[in-house]
Amino acid sequence: MLDLRHERTIEILLSAPAMRLKRGGTAVAGAMLLALIGCSSPTASTGPTGPTGSPSAPTAGATISTPAAAIPNAPPHATVWLFISTDCPICNNYQPELERLRARYTPLGVDFIGVYAEVPVSAVEVADHIRQFAIAYPTTVDVDHAIRKRFGVQFVPEVVVTAGGRGATVDPLAFLYRGRIDDQYPERGSRRPSATTHDLNDALRDITQGNAPAARVTTPVGCVLEP
């Protein structure tokens, strides 16, 4: 278990249609995020809206028909959507690396948001998870799977990087990068002592230098999300 940082206040606010978490003065409303990425109401049973429904997650080497969005010249340059869960061992093993990336790239104009994608999950479980792993990025709970369906996410951990900050309107198919954090897990059940490629770090380095990531899509390895 990681050493705990200073105590953070976590308040569950039920005024929005979806749960939102407030931690250290930062609140992210699920309903607001759904609107920005083009989803319908977070309580809708038919899933996200859009001309073709929820997009399919591209795999490494796949042909991508939608070009990446332009990187804003002024910060925030991009948002990293971290799809996580409380009980996936691979997710939890990556939390220290995710914190290092957050600390490195937030000052360079990159927003981070954690999306608890494996639901149902209780407010107590989320609060305990945030404390246990000293999670400093803001989080939201994807109550009706609307966010992950809109992005076509199938695994945790899986990351999607979009242009602009958390307040920017997002076209999920015009992502800057999506896939794995690095290659420490070449496949399920196999773990290298350390990563040999640092895909998310490399993508964020390119983005903060004003360049499109050299690799736009990689294949995530993790726990499979139930439909």
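The values are calculated or read from the model by the stated rules, or taken from the named source; none is laboratory data. Every value quoted in this text rests on a predicted model; they were computed, and no experiment measured them. With ideal geometry, Cβ positions are generated from the backbone for all residues, glycine too; neighbour counts draw on all protein chains shown.
The table for this structure:
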| read-out | value |
| --- | --- |
| Qualifying residue in segment 194-208 (condition: surrounded by fewer than 16 Cβ atoms within 10 Å (Cβ to Cβ), assigned to a loop (DSSP other than H, G, I, E, B) and in contact (Cβ under 8 Å) with a residue 60 or more places away in the chain) | no |
| Counted residues, segment 150-167 - those being out of contact with any Cys (no Cβ under 8 Å at 6 or more places or on another chain) and either part of a helix (DSSP H, G or I) or among the basic types (Lys, Arg) (or both) | 2 |
| Lone qualifier among Arg148, Arg100 - being within 23 Å of Val221 (Cα to Cα) and crowded, with 22+ Cβ neighbours inside 10 Å | Arg148 |
| Selection from segment 116-133 of residues that are part of a helix (DSSP H, G or I), free of Cβ contacts under 8 Å to residues at least 40 places away in the same chain and surrounded by 15 or more Cβ atoms within 10 Å (Cβ to Cβ) | Glu125 |
| Residue among Thr49, Thr63 that alone is more than 25 Å from Thr139 (Cβ to Cβ) and at pLDDT below 95 | Thr63 |
| Subset tally (residues that are free of Cβ contacts under 8 Å to residues at least 40 places away in the same chain, touching a helix residue (DSSP H, G or I) at 6+ places or on another chain (Cβ under 9 Å) and closer than 26 Å to Gly210 by Cβ) for segment 73-103 | 1 |
| Hits in segment 134-143 (condition: surrounded by fewer than 21 Cβ atoms within 10 Å (Cβ to Cβ) and either of a type in the set (A, V, I, L, M, F, W, C) or at pLDDT below 95 (or both)) | Ala134, Ala136, Val143 |
| In segment 134-149, the residues that are part of a loop (DSSP other than H, G, I, E, B), of a type in the set (Gly, Ala, Ser) and in contact with a Leu (Cβ under 9 Å, 6 or more places away or on another chain) | Ala134 |
